[in-house]
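Peer 1: The structure follows.
The values are calculated or read from the model by the stated rules, or taken from the named source; none is laboratory data. What you are looking at is a predicted structure, and each value in this text was computed from that prediction instead of being measured. In this analysis, Cβ positions are derived from the backbone assuming ideal geometry, glycine residues included, and neighbour counts consider all displayed protein chains.
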Amino acid sequence: MGIKFVVKQTPEPPAGQWYQVLSDEAWTPGPGVSWSGSSWDSAFGLTGLSELGAWNVGYRPTKMRITYTGTFTQIQLVDTNFDTIANDVAPASGQEIDITFGSFDIKDLNIFASGAWSITNIEFYSEADPFA
């Protein structure tokens, strides 16, 4: 009677992908922000969105991109320790923004804009789908 070994090969991780995290099932609106069914809209220059649910727990994307209309002067992504983990001044719509994590989860997406704005897409680049 011999010893039987089973060798499992771990497949290569999937190539990174962009995952949409846009809807009112993922975010809670800040003051003056409303969900239209396909976009986040605001007449205010300084406001944002807070995470909703558990999609953010342990989720560690490396980049984000926000597609919007209006004039954004700054975009910040803040973690649950209130540290800024992504920041860009005068970002273009759809521009990739790097995210640098510590050990805390995504909490708030802060928007600094000149007047009214509308966000039509929020995407994170990662190996894993936050809603899988």
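Peer 1: Within segment 15-28, restricting attention to residues that are in contact with a strand residue (DSSP E or B) (Cβ under 6 Å, 6 or more places away or on another chain), in a strand (DSSP E or B) and not aromatic (Phe, Trp, Tyr), which residue is nearest to residue 112 (Cα to Cα)?
Peer 2: Looking at residues that are in contact with a strand residue (DSSP E or B) (Cβ under 6 Å, 6 or more places away or on another chain), in a strand (DSSP E or B) and not aromatic (Phe, Trp, Tyr), I get 28.
Peer 1: So, one more: For segment 68-120, enumerate the residues that are touching a Leu at 6+ places or on another chain (Cβ under 9 Å) and among the aromatic types (Phe, Trp, Tyr).
Peer 2: Listed by number, the list holds a single entry, 112.
Peer 1: Moving on. Inspect all residues belonging to segment 51-70 and state whether any of them is over 16 Å from the mean Cα position of the chain (by Cα), in a loop (DSSP other than H, G, I, E, B) and either within 20 Å of residue 131 (Cα to Cα) or of a type in the set (Phe, Trp, Tyr) (or both).
Peer 2: no
Peer 1: Follow-up. Going by what's in this entry, would residue 75 be described as in contact (Cβ under 8 Å) with a residue 24 or more places away in the chain and within 17 Å of residue 125 (Cα to Cα)?
Peer 2: So residue 75 passes the test.
Peer 1: Right, something else. Can you name the residue in segment 79-99 that is touching a Gly at 6+ places or on another chain (Cβ under 9 Å) and of a type outside the set (S, T, N, Q) and is also nearest to residue 18 (Cα to Cα) among such residues?
Peer 2: For segment 79-99, the residue satisfying everything is 85.
Peer 1: Determine which member of the set 45, 16 is at pLDDT below 95, in contact with a Ser or Thr (Cβ under 7 Å, 6 or more places away or on another chain) and surrounded by fewer than 16 Cβ atoms within 10 Å (Cβ to Cβ).
Peer 2: One residue alone meets the criteria, 16.
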